[in-house]
Structure formats: C-alpha cells, structure tokens
Amino acid sequence: MKLLLTGSHGQLGFELQRSLAPLAEVIALGRAECDLADEAALRALIREIKPDGIINPAAYTAVDKAESDVALARKINVDAPRIMGEEAAKSGAFVFHYSTDYVFEGMGEQFYKESDATNPQNVYGLSKRDGEQALLNACPRSLIMRTSWVVGAHGGNFAKTMLKLASERDALSVVADQFGAPTSAALLADVTAQLVGRIKQPGDTIFPYGLYHVVASGVTNWHEYARFVIAQAIKLGKPMKVSPDMVKAITTADYPVPAKRPANSRLDTTLFQHTFDLRLPDWKQGVAHVLQQIL
C-alpha cells in the first residue's frame, strides 16, 4: 500500500509518519512539496504518486487570520479536500481527513453528535465545514475525523505556550468558560493507523467510511488545562515562575480576539467507539505523555 501524507511538518503530520510507517510506503510531504492552494499542482502530484490512500492532516489553521484571509483559507480547507476526493474517486483510492469542533455553534453543554446541525461562527469553522461536505460529495471512500484542542510534542500548541509563559511571567490569566477535550496528536495518529490497517486487511470488503467525532475522553476548560500543564511540568522538574494556583480564571469577554470561539466544544464519540470498537483514553493521559516528551 502507498499513502500520500500531507502536512508532514505539522504536529499531527509528524505523528502520522511514525504510526503509518509500519503499514505502508508513506510519501510524506510538507507545504514546500505539496501546496494545497495550487489546484493544478495538487492534481498533478496525486496523479504522479498514484497513492492507494491520501491522509490529509494539512489545513489552514490560523483562526484569527482567516477572518481577513478568506480566499486562502477556503482554497486550503475547502478546495484541496474536494480535489483530493475527486482524484481519489477516479483511481479507487481512499481519503482520510481531519476536521474540527469549530463547525458547531458551540453553545450549551450538550455533547455534539455527528448528526447535529452545524453552524460555524467564524471563517475557519465555515471553511472546515464546507471542506467536509466537499470531500464527502466527491469521494465515497472518505473518512473524516472531527477533533478538538490538538496537542503534540512537535509543533506549536496551547500546552507549549503555557509552559513558556509560566516560566517567564509572574502571572497568567486564562479563559475558563470554553469547554472541550485536549486531544493528543499521537492518539489521532494511532487511531488513524488502526483504521488504515483494517482497510488493508483482505477480509474487510465493506469499510465504514463517513464522518466521526474523535477526541480524548473527559472535559475541561482552558484555565484548568493550563493549571494541569503547569502542575505536570513542576512534577517533572521544570522550574516555573507561576504555580497552578496563581493562574487567574477569566471569561471569553475579557480576552477579545478577531474570531469568535465556541464556548462548547464537547464532541460525542459514541459512534466512533462503537463502530470501530476502540477506546479513547482520558485527555490527561495524552497531555501528560506529551509533556514528558517535551520536557
């Protein structure tokens, strides 16, 4: 089996190279070799490589910048998945793609199911929602994993930012009214490898493609998440100027940004866990492992 992996330098792409390597020949490409904003080049690349599957963790993820960079965000998050789907459909390949909790309005306290109505509140979320639909319409052999709050040892993320700030500043203020589940890139990569392995098995003639929610178990908010990161760092011997008890809880209104964030990013993973008989561990387990790698 030959797999085309995009976004190889991102935190998820980095982990996917590790998890997929035992299963297939992985052609891992970064932005320089695979420009998702260039439709003609993308089509030519896929036709040249002739992959059995395309794994696409690459995306335009600059949430605030997307508000003023709409065209590029849509090229990468909508047009590129559609092109991948069209090319895969022609050759009989499959596509794995990753999406986001930002496709939902993010109100209330319910756990969103795959069948719930989407209502993105910013350009990034809208582009990811439209990209989901474009891919599913283009290729029947597509699997999309909606996830949230991705954290990994490679690349930039919230946990790394908290480690840096807590070691430099005398005080920290973090939003406490947005809820979700930090999900490690390693978990997503391992889940992906599990599913790719099942496609590879000769007996799997009917694979349940479609849209699934894949996040770590449990719920937290950014404030409690920051406190956990700092506490774990101290436990691992990292000197911190700010202790967990010194992290101040603030509201979303206290920290204005160009793009509106969902207050509720809870995703129901029942469909995924039941369909594939896989368990999704608690978010603290994944974050603790990432912090061990970083520190």
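Would you mind finding the one in Ala233, Ala226, Ala189 that is surrounded by 15 or more Cβ atoms within 10 Å (Cβ to Cβ) and under 28 Å from Gly53 (Cβ atoms)?
Numbers: Ala233 fails: under 28 Å from Gly53 (Cβ atoms); Ala226 fails: under 28 Å from Gly53 (Cβ atoms).
Result: Ala189 is the single residue among Ala233, Ala226, Ala189 that is surrounded by 15 or more Cβ atoms within 10 Å (Cβ to Cβ) and under 28 Å from Gly53 (Cβ atoms).
Tell me, which residue of the range 87-117 that is under 20 Å from Gly7 (Cβ atoms) and touching a Cys at 6+ places or on another chain (Cβ under 7 Å) is surrounded by the fewest Cβ atoms within 10 Å (Cβ to Cβ)?
Residues of the range 87-117 under 20 Å from Gly7 (Cβ atoms): 87-88, 93-103.
Then drop every residue that is not touching a Cys at 6+ places or on another chain (Cβ under 7 Å), which leaves 88, 95.
Numbers: Ala88: 24, Val95: 26.
Checked the range 87-117; the qualifying residue surrounded by the fewest Cβ atoms within 10 Å (Cβ to Cβ) is Ala88.
Give me a count of the residues in the range 72-86 that are farther than 17 Å from Gln133 by Cβ and either in a loop (DSSP other than H, G, I, E, B) or touching a strand residue (DSSP E or B) at 6+ places or on another chain (Cβ under 8 Å) (or both).
0
State yes or no: is Tyr124 at pLDDT 95 or above and either under 28 Å from Ile206 (Cα atoms) or surrounded by fewer than 17 Cβ atoms within 10 Å (Cβ to Cβ) (or both)?
Values: at pLDDT 95 or above: yes; either under 28 Å from Ile206 (Cα atoms) or surrounded by fewer than 17 Cβ atoms within 10 Å (Cβ to Cβ) (or both): no.
Answer is no for this residue.
May I ask you to list the residues in the range 193-223 that are farther than 21 Å from Ser115 by Cβ and under 12 Å from the mean Cα position of the chain (by Cα)?
Residue satisfying the conditions is Ala216 alone.
How do the pairs read when you match residues in the range 111-129 that are within 13 Å of Ala62 (Cβ to Cβ) with residues anywhere that are outside any loop (DSSP other than H, G, I, E, B) and among the basic types (Lys, Arg), using Cβ under 8 Å and keeping only pairs 6 or more apart or on different chains?
Ser127/Arg74
Take the range 11-70 and flag every residue that is over 23 Å from Val123 (Cβ atoms), among the small types (Gly, Ala, Ser) and in contact (Cβ under 8 Å) with a residue 60 or more places away in the chain.
Result: Ser19, Ala24, Gly53.
Take the conditions over 27 Å from Leu143 (Cβ atoms), assigned to a helix (DSSP H, G or I) and in contact (Cβ under 8 Å) with a residue 60 or more places away in the chain and apply them to Lys160. Does it pass? Give the derivation first.
Working: over 27 Å from Leu143 (Cβ atoms): yes; assigned to a helix (DSSP H, G or I): yes; in contact (Cβ under 8 Å) with a residue 60 or more places away in the chain: yes.
So Lys160 fits the description; yes.
Applying the selection to the range 43-71, what residues are of a type in the set (Gly, Ala, Ser), in a loop (DSSP other than H, G, I, E, B) and surrounded by fewer than 19 Cβ atoms within 10 Å (Cβ to Cβ)?
Step one: filter the range 43-71 for residues of a type in the set (Gly, Ala, Ser), giving 44, 53, 58-59, 62, 66, 68, 71.
Within this subset, residues satisfying the condition of being in a loop (DSSP other than H, G, I, E, B) are 58-59, 62, 68.
Within the range 43-71, Ala62, Ser68 meet the criteria.
Inside the range 245-282, can you point out the residues that are free of Cβ contacts under 8 Å to residues at least 40 places away in the same chain and surrounded by 12 or more Cβ atoms within 10 Å (Cβ to Cβ)?
Gln273 - this is the single residue of the range 245-282 that is free of Cβ contacts under 8 Å to residues at least 40 places away in the same chain and surrounded by 12 or more Cβ atoms within 10 Å (Cβ to Cβ).
Any idea how many residues of the range 2-23 are outside any helix (DSSP H, G or I) and surrounded by 20 or more Cβ atoms within 10 Å (Cβ to Cβ)?
Taking the range 2-23 as the starting set, the residues that turn out to be outside any helix (DSSP H, G or I) are 2-10, 21-23.
Going one step further and asking which of them are surrounded by 20 or more Cβ atoms within 10 Å (Cβ to Cβ), we end up with 3-8, 10.
Going through the range 2-23 one residue at a time, the tally reaches 7.
In this structure, is Lys260 in contact with a Leu (Cβ under 6 Å, 6 or more places away or on another chain) and among the basic types (Lys, Arg)? Steps first, answer last, please.
Numbers: in contact with a Leu (Cβ under 6 Å, 6 or more places away or on another chain): no; among the basic types (Lys, Arg): yes.
No; evaluated as a whole, the condition is false for this residue.
So Gln133 ticks every box in (1) in contact (Cβ under 8 Å) with a residue 12 or more places away in the chain; (2) surrounded by fewer than 22 Cβ atoms within 10 Å (Cβ to Cβ); (3) out of contact with any Lys or Arg (no Cβ under 8 Å at 6 or more places or on another chain) but one. Which box is left unticked?
Exception for Gln133: condition (1).
The values are calculated or read from the model by the stated rules, or taken from the named source; none is laboratory data. Computed from a predicted structure; not experimentally measured. For neighbour counting, all protein chains shown are included, and Cβ atoms are generated from backbone atoms with ideal geometry for every residue, glycine included.
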